[in-house]
Structure formats: C-alpha cells, structure tokens
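The values are calculated or read from the model by the stated rules, or taken from the named source; none is laboratory data. A quick note: this is a predicted structure, and the numbers were derived from the prediction, not measured. When we count neighbours, we look across all protein chains shown, and the Cβ atoms used for this are built from the backbone with ideal geometry, even at glycine.
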Amino acid sequence: MSSNDHDSVGHIVPIKMLVGTCLALLFLTAVTVWVSKLDFVELRMGEMNIVVAMGVAVVKCTVVALIFMHLRWDRSFIGFIFVSSILFVGVFIGFSLLDTSEYQPAIIPGDTPQIQQKLDALEATLAAEAQGDHGTAGEH
C-alpha cells in the first residue's frame, strides 16, 4: 500500500484570523463603495475611480487567496504560479487596451465631422417638417 497524505487535516486557521479577515474585507468593501461616490472629474482625474476600485479589488483578492485559499501556508511554488497567472492576465488585458484607441472613429457613430453634419441636417429637416405639420393642423 502507498501512503496517502490526503487523509490528514489541512491547516486550521484560528477564529481570530478569520474574524480579522472578515472585518478587513468588509472595510475594503466600504472603501470601494465610498470611492464609487467620489467625483474625480472635478479634480481632472476622471480615470481614478477605476484605478482605485481595481486597486482595492486586487487587495481583497490577495487577502482571500492568502487566507481562505491557504496560499499563505502552502508551498511557495503554488504562490508563484498564482501570482504569475494574475500578472499574465494583466499583461493580456494591457495589450488589449493598447489596441482600443485605434478603431474608435469606426465604432462610435457620430464621431466624424461628416456624420455629425448629416445628423445636424436631418435634425433641421425634421424640425422644419414638425413646424410645417403644426401650421397645417389648424386649417383642418
């Protein structure tokens, strides 16, 4: 017969640490809600909402992974794999974001001057027709 390590009990986390982790996660959730209410546009930092929210989310993810997934007490190679997978996801998202500004005029309608001129002409035509309908409606 072979020895099997799966029958042993894993690392037992003390209740104090679990309560502290819960309180830290609740505090970070409150920080996330508070940051979502802040208006960084007035400070000319409109993109700060997403930066701060993602930063808090990364901290919360790290706390959950370290404590609840027991990465703090596991072999360092497992932690290395976890951290490198998160970094690779960040690199892939970064490469995708680099390409988003290339096709903006093609995706957003009304972003080019020619389309905006056509929309303005259509709006003027509709306004003239609406005034023409009101003038003839009283004659019936």
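Figures for the structure shown
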item: Residue count, the range 91-123 (criterion: modelled with pLDDT of 80 or more, over 30 Å from M54 (Cβ atoms) and surrounded by fewer than 10 Cβ atoms within 10 Å (Cβ to Cβ)); result: 0
item: Residue in the range 21-41 that is surrounded by 13 or more Cβ atoms within 10 Å (Cβ to Cβ), of a type outside the set (A, V, I, L, M, F, W, C), without any contact (Cβ under 8 Å) to a residue 60 or more places away in the chain and closer than 25 Å to L97 by Cβ present; result: yes
